[in-house]
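I have placed the structure first, in the form of structure tokens, so that the comments after it can refer back to it.
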Amino acid sequence: DAGFGLAASREGGLAGGPTRLVGYAAQGTHSCIKRALDVLGVGADALRIVPVTDAFTMDVPALHAMVAEDRRRGLTPWLLVATAGSVNVGAIDDLDALADVAEAQGLWMHVDGAFGAAAVLSDEVRPRLRGMGRASSLAFDFHKWLHVNY
């Protein structure tokens, strides 16, 4: 509570607190992430879009620079959204490297695994999902790879 000003937010909402929360997600992250920040009351503009590499994965050095710059500006980084199988191209972020960043920076790491987390069942793909178990939360959809109806 002391770090995020949650007590003050009880009256004035998140905007009434002493901090301005920001989160990070790679370019190409599912649009529901931005909407979630809106619904939470943090504001859709609190989502910082991190550039991607040539493999469409989050650029970790760019993330480091963005977090440092936001802290310098007095903002409070609190969320890192990693992707385990992006919807557009199936890209899997370096989840271990991102978990290291989240741990070092005190960020909540959410993994959007709706499209690709089930690949952990594949001996071939499982190594690319190393780090998923270090996430603070995980989105997982049974209806995609596992063909379970809604």
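The values are calculated or read from the model by the stated rules, or taken from the named source; none is laboratory data. Since this is a predicted model, take the numbers as computed values, not measurements. Cβ sites come from the backbone with ideal geometry, for glycine too, and all protein chains shown count toward neighbours. Remember, those area values only see protein heavy atoms, side chains included, never the ligands or the DNA or RNA. Shrake-Rupley method; radii C 1.70, N 1.55, O 1.52, S 1.80 Å.
Here R71 fulfils each of the conditions (1) surrounded by 15 or more Cβ atoms within 10 Å (Cβ to Cβ); (2) at pLDDT 95 or above apart from (1).
Across segment 122-150, the qualifying residues are those that are of a type in the set (A, V, I, L, M) and loosely packed, with under 11 Cβ neighbours inside 10 Å, and the one among them that is nearest to the chain's Cα centre (by Cα) is L146. Screening segment 21-41 for residues that are of a type in the set (V, I, T) and not in a loop (DSSP other than H, G, I, E, B) and picking the one that is most open to solvent (accessible area, probe 1.4 Å) gives V39.
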